[in-house]
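The values are calculated or read from the model by the stated rules, or taken from the named source; none is laboratory data. Worth saying up front: this structure is predicted, and the values here are computed from it rather than measured. Neighbour counts run over all protein chains shown; Cβ positions are idealised from the backbone, glycine included.
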Amino acid sequence: MKRALVLSGGGSKGAFEVGAIANLVNKKKLDFQLLTGTSVGALNAAFLGQARNHQELQELAEELTGLWLGIKGNRCIYRGGLFGSLWRFASRGALYNPRGLRDLIHRRIDSERLFHPRTVVKVTVVSFETGKLLCADSRCRELQPDYLAYVLASASMPFFFPAVPIAGQHWYDGGLRDLTPLAAAIKEHPDEIIVITTFPIGPNLEAALPPARPGHALKAILRTVEILLSEIAVNDLQLAQEINKAWWRYPGKRPIPIQIIAPTKPLPGDTLSFDPGQIRANLHAGYEAAEKPRFLAMNCYPAPVPPSTAIRRHISE
């Protein structure tokens, strides 16, 4: 069976994904041949993508859990005090320096293993110059020298982290356009897709955000990012559901079973808060959520209206 794992963005809440992965890989013994990810999901996907067999995937899932549990605070991922952040924002367009994240990627991910043909990894990034969405595919050998830079770029949230220069352009977080890269997985025609999102999802695939109160400017920006990203995530899932409902119109096409693992309630902490206690709690929440995934509807009856242009485009590809 060709099984795909799709990992959304969410910053520090990516620990939830890792808890769910531990359940899927080490308890349920599932294997994955395709990994797609955006932002922190790109980091988790690239780490697991080093697997050359199922045993290595199980070992890497355990290592990834240990890696997250080893994070002792924000300084393990990024640096920047108040005055330093203001100077950095004025000179480089970003509040923080993701030094720890960059070091972690280069220390813990081997691009040679990542480009092994056994597992396909696809991470999304967005060009600052053109706004283009690029899906960096581990089968493209010409991307190998810069692939770890693409992983870093996928996790580089504008305003907070600087764009990553690669091949004459500057690249940002793929979540700006594709927070849950389902389309990248659907194009590979897998037999099954499992999606892990860090945001709660309502019964009708709507965003379920926690209430919040106004505060300082940084809090307002983080809240804005949370609202935008959660809406992008549910839009991706709604589109995937409509694609599955429309398959019957196209000879030789079939619905793809899609499981969704999402928090039952908002995860604690802000996107950029790498508090060890919150990380541990989110790991546990992910492990528990993987016990009860929900399934995307795959109705095969005629739809009341023709598929949209976007759906037709995805199906034809």
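Side notes on the structure shown:
- Taking the criterion of being under 13 Å from ALA136 (Cβ atoms), in contact (Cβ under 8 Å) with a residue 40 or more places away in the chain and surrounded by fewer than 20 Cβ atoms within 10 Å (Cβ to Cβ), the only residue of segment 151-183 that qualifies is GLN169.
- Subset tally (residues that are buried (at least 18 other Cβ atoms within 10 Å of the Cβ) and either under 19 Å from the mean Cα position of the chain (by Cα) or not in a helix (DSSP H, G or I) (or both)) for segment 129-145: 4
- Helices (runs of 4 or more DSSP H) (entirely within segment 1-116) containing at least 2 residues that are within 16 Å of the chain's Cα centre (by Cα) and at pLDDT 95 or above: 14-22, 40-48, 54-69, 99-108
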